[in-house]
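Here's the structure we're looking at; comments come further down.
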Amino acid sequence: MPVTTRSFAKINLGLRIEALRADGFHGLLTVYQTIGLHDLIRVSVGRGSGIEILCSDPRVPRDESNTCYRIVDKAMQGLKAKGRVTIEIGKRLPVQGGLGGASSNAVAAMLGLERALKKSLPPAERLRITSEVGSDLPLFLVGGTVLGLGRGEQVYPLEDFSAMACVVVTPEVGVSTPKAFAQWDRLCGSTTAKTAGREEGSELAGHRPARTGKSAHPRTGGEKLTVPVPSDRMIELGRGLSAWLSEMYSGAPFRRGRRENPLLELVRAGIKNDFERVVFPEYPELSEGKRALERAGAKYASLSGSGSALYGLFASKAAARAAVAKLRKQGLAAQPTVTLTRQQYWNRLVEA
């Protein structure tokens, strides 16, 4: 039977670009947050062999360069399964948008494949496969609020923030992540020689965006993705990393307020997306889009990943809807959504 999964987007609550590493990748420090906007991935397995990609968006490749193709190929080997896999990608998220669409598509395809075959990969094997396909794939095996380190592939579940209204603006322009990293290197005086051939394939970690695009749900085994067994120590680590993240940006301690969503306290601590320093001068319309979100009432607005998507956090769903109406009158493609907690992410992953 075909299985349909929702492929949720992510935003970045701050993104710090660290020094170029010996392996040719930049170190990153970010907080990922899953949101309600999503693509739909339909997976079916029949007689025969091979992998077929179907999508009405002409920008989505149908060959082995597609992240869904690559992850399903590895998953079929890991599951020791045979058959012809058909993956239908219903694109709603922008290509080269900084919302993790291609990476999320891949993880949703792998989880859909498991359900279609009625087999499951061990959590450690899932994590290994996703890390091999792209650096920002592992976050979608966790969901909710996630700290990303290393190339972005080292993921730590943080204590979830309460759901918050969000508006996403998706400009027509697409931003090349490798180009953005190269511009960052020029700005900071770093060499780009190593990045030219190494940082390809993932939206966040300096890779070329694929053009496909832990209290996790108990059926996924997601609670075992980062550590063998969930523990108080892991929760404590998550809180400590939250504090460290805010201190890295502002020197201010992370304190939870009683009256306000702690997510806003985190972003108001001074975190920012380093990509804005190189992307906004190249694409002034994105800088203007951020200002438009702020003028529309966003409590916090930012570029997501290397862009081109922008988002704003709002005090209420009503405020977000009013902002969408205002932004659309200005000719901006704006959509209301909401941040997803980890449990909400897993509960909504498989379409009924």
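Here, each number is a calculation from the coordinates, and none is a lab measurement. Not measured: the values here are computed from a predicted model. Neighbour counts run over all protein chains shown; Cβ positions are idealised from the backbone, glycine included.
Ordered by residue, what ³J(HN,Hα) values in Hz, to whole numbers, does segment 306-313 give under the Karplus form 6.51 cos²θ - 1.76 cosθ + 1.60, where θ = phi - 60° and Gly and Pro are x?
Result, ordered by residue: 8, x, 9, 5, 10, 9, x, 9 Hz.
By count of other Cβ within 10 Å, fewest leading, how are D274, D73 ordered?
Ranked by crowding around the Cβ, least crowded first: D73, D274.
Using a Förster distance of 51 angstrom, determine the FRET efficiency expected from the C-beta separation of S56 and K317, and round it to 0.05.
0.95
Can you pick out the pairs among K10/K91; K10/K179; K10/K74; K272/K299 whose Cα atoms lie more than 18 Å from each other?
Check vs 18 Å cut-off fails for K10/K179; K10/K74.
Counting other C-beta atoms within 10 Å, which of C68, C55, C188, C166 has the fewest, and how do the rest follow?
By the 10 Å Cβ count, ascending, the order reads C188, C55, C166, C68.
Using alpha carbons only, how many angstrom separate the centre of segment 331-349 from the centre of segment 1-67?
Here the answer is 16 Å between Cα centres.
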